[in-house]
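Data first, discussion second: the structure below is written as structure tokens.
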Amino acid sequence: MPARPDGPTAAWTPGAVARSLGIAPSTLRSWHRRYDLPVTGAGSGPHRRYSGEDVAALSRMRRLVGDGMSVASAARLTFAVPASAWTGAADMVAAALRLDADAIAATLDEGLARDGVATTWDHWCRPALTTLGGPAAAPAGGHVTTCTDVVHLLSGVITTALHRVRPETAGGPVVLLACAPGERHTLPLEVLRAALGERGVPAFVLGTDLPTTALLQALGRTSRPAAALVLWAQWPRRPPDAVVTACASRRITLLTAGPGRDGPAHVTSLADALRALPEVGDQSSRHS
């Protein structure tokens, strides 16, 4: 076998890459044709040249395929996750496919302790869920692998791990996090609760499919003043008029969250939500 190219300007031929991966050149061509794999090297087709980074990414993809993941899912995960975060996301997917909840939990605890909630969610959890066909999954080459049982297991373990993240302080007003009427996905709210907790902001998740009457009761039930209410929905829904009126009268910030319409009080990502609530922990003066 010829020596492998080396160094930052390495130019691998398709044949050399295929031999390195232990696959046939026709298989490599098929991957490109079906999954539109990105390549930073020059050329195309039989004249394509691969950089060292390209080969490293393809090696990660090949490892996932060797572990039993479909090629479509392996391609999606490999090229959706930064190389620096790939090991954590890949380990979570591999453990989820084995239904190994303990291994998922160990990986999550490591990421949360080292990188915090936002980074672990964006770089590990979301790509893993997307790869397995969760609600945010997007087709790769027209193929989506849906593993409902695995997605439910992974979501449950992520939720449990997030419950171990507690606010650094118990003082100040609180943020209420609720699913809009008819909505049953709570994981995004659990992520936001844990991320706010890291910032010293206490937040409570009120659960799924909360009726309007329950939302109104919750606004006045907290032992500390409520500074904000975040209503999550996977599909576009207007907040109930009674809730909008109640929040305005109590000077409570109301945010809608999740996929759907844009607007001044709507957020579509964890980063957006955290930016929209930057001073919530310092708002006790408005309620005094």
Just to check your reading of the model, which residue among 239, 259 is surrounded by fewer than 17 Cβ atoms within 10 Å (Cβ to Cβ) and at pLDDT below 90?
259
Report yes if some residue within the stretch 74-97 is of a type outside the set (Asp, Glu), touching a strand residue (DSSP E or B) at 6+ places or on another chain (Cβ under 6 Å) and in a helix (DSSP H, G or I); otherwise report no.
yes
Before we move on, is residue 182 at pLDDT below 90, within 21 Å of residue 227 (Cα to Cα) and of a type outside the set (Phe, Trp, Tyr)?
no
What residue, of 78, 107, 87, is out of contact with any helix residue (DSSP H, G or I) (no Cβ under 8 Å at 6 or more places or on another chain), of a type in the set (Val, Ile, Thr) and free of Cβ contacts under 8 Å to residues at least 60 places away in the same chain?
87
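Kindly indicate whether any position in the stretch 59-82 is of a type in the set (A, V, I, L, M) and either more than 16 Å from residue 131 (Cα to Cα) or surrounded by fewer than 14 Cβ atoms within 10 Å (Cβ to Cβ) (or both).
Scanning the stretch 59-82, I find no residue that is of a type in the set (A, V, I, L, M) and either more than 16 Å from residue 131 (Cα to Cα) or surrounded by fewer than 14 Cβ atoms within 10 Å (Cβ to Cβ) (or both), so the answer is no.
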Taking the stretch 205-234 as the region of interest, how many residues are part of a strand (DSSP E or B), free of Cβ contacts under 8 Å to residues at least 40 places away in the same chain and either closer than 20 Å to residue 248 by Cα or in the same structural domain as residue 160 (by TED's automatic domain parsing) (or both)?
0
Looking at residue 112, is it farther than 16 Å from residue 19 by Cα, at pLDDT 85 or above and part of a loop (DSSP other than H, G, I, E, B)?
no
Which residue pairs have Cβ atoms under 7 Å apart, sit 6 or more places apart or on different chains, and have a first residue in the stretch 10-22 that is over 23 Å from residue 64 (Cβ atoms) and a second that is basic (Lys, Arg) and crowded, with 17+ Cβ neighbours inside 10 Å?
11/49; 13/49
Residue check: is residue 246 more than 23 Å from residue 166 (Cβ to Cβ), surrounded by 14 or more Cβ atoms within 10 Å (Cβ to Cβ) and over 22 Å from the mean Cα position of the chain (by Cα)?
yes
Check 157, 165, 150 and return the single one that is outside any helix (DSSP H, G or I), modelled with pLDDT of 80 or more and more than 13 Å from the chain's Cα centre (by Cα).
165
Just checking, does the stretch 183-205 include any residue being closer than 19 Å to residue 267 by Cα and of a type in the set (S, T, N, Q)?
yes
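The values are calculated or read from the model by the stated rules, or taken from the named source; none is laboratory data. Keep in mind the model is a prediction, meaning the values are calculated, not measured. Because the Cβ atoms are built from the backbone with ideal geometry, glycine has one as well, and the counts that use them run over all protein chains shown.
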